[in-house]
Amino acid sequence: MNTGSQTNLSKVPEVTLVFWIIKIAATTLGETAGDSVTMTLHWGYLAGTGLFLAALVALVGYQIVAKKFHPYLYWATIVASTTFGTTMADFADRSLGIGYTGGSAVLLFCLLATLGLWYWSHGSISVDTVSTPKVEAFYWAAITFSQTLGTALGDWMADSTGLGYKGGATVFVAALAIVAAAYYWTNVSRVLLFWAAFILTRPLGASVGDFLDKPVRDGGLALSRPLASAVIAAFIIICVLVLPQRAGQHPTQSRSAA
């Protein structure tokens, strides 16, 4: 399949600075929205997980059957994966008693297994290959596991290491800076760097979301979760409306195709 036809068939957006801005905002929204349902509305982690899983399954189904790239549908699906990731990670870490370290290890295994099966099935885990329903299923499974892993990593960094939410966010910003430096100044696989950045933006968003809504005694700002969620959602909608969103080229093995 040539490059032009891949671009036309792609239903995921071109990876640009705009992509990462909206991605970080979406992950922050996933944290505040998930906490709004499970904590503020007192649904609990199990019911919240069930609610967001149903939304995620429905949106992924729409995304797969869609004939072309729809920005609002794509980002709604990303937000659903982040909110599900938030509640699922909290349910595993707290309700099931696995803990942040155990939860992160289990989710890392699930993500690596998904990427491994994707690579075994198609010989690549580049998002350039996301042009058939089967590959889309692998893509959204990997996205969901990475979002859930990111939530667990963010909580682990903030709580288990004692760094707090601001300290955790600083660590993930530094890690993303290293990934960006590797992208511009090394020949490290662009596919590997994409997935590393995608995973790391999730705990960054989780740390920022926790910093916004957690109690002051826990190192947060104690802002209203629903209000914070509404503001972040409005920001995402404005970004999608105003900034260019189109299907396009994605990071590949070589610099010239990145």
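The values are calculated or read from the model by the stated rules, or taken from the named source; none is laboratory data. Just so we're clear, the structure is a prediction, and the values are computed from it rather than from any experiment. Note: ideal-geometry Cβ built from the backbone for every residue, glycine included; neighbour counts use all protein chains shown. These area figures cover heavy atoms from the full protein model, side chains too; ligands, DNA and RNA do not enter into them. Shrake-Rupley method; radii C 1.70, N 1.55, O 1.52, S 1.80 Å.
Assorted remarks:
- Residues of the stretch 208-229 classified as part of a helix (DSSP H, G or I) and open to solvent by less than 60 Å² (accessible area, probe 1.4 Å), total: 9
- The listed residue being in a helix (DSSP H, G or I), buried (at least 17 other Cβ atoms within 10 Å of the Cβ) and modelled with pLDDT under 90, out of I199, I232, I236: I199
- Under the condition of being hydrophobic (A, V, I, L, M, F, W, C), within 18 Å of R246 (Cβ to Cβ) and within 16 Å of the chain's Cα centre (by Cα), the residues counted in the stretch 7-58 number 9.
- Residue match in the stretch 6-18 (condition: in contact with a Leu (Cβ under 9 Å, 6 or more places away or on another chain), part of a helix (DSSP H, G or I), at pLDDT 90 or above and among the aliphatic types (A, V, I, L, M)): yes
- Qualifying residue in the stretch 73-91 (condition: outside any helix (DSSP H, G or I), open to solvent by 10 Å² or more (accessible area, probe 1.4 Å) and in contact (Cβ under 8 Å) with a residue 24 or more places away in the chain): no
- Residue in the stretch 24-43 that is out of contact with any Leu (no Cβ under 9 Å at 6 or more places or on another chain), without any contact (Cβ under 8 Å) to a residue 24 or more places away in the chain and closer than 18 Å to S229 by Cα present: yes
- Residues within the stretch 125-173 that are open to solvent by 30 Å² or more (accessible area, probe 1.4 Å) and among the small types (G, A, S), tallied: 5
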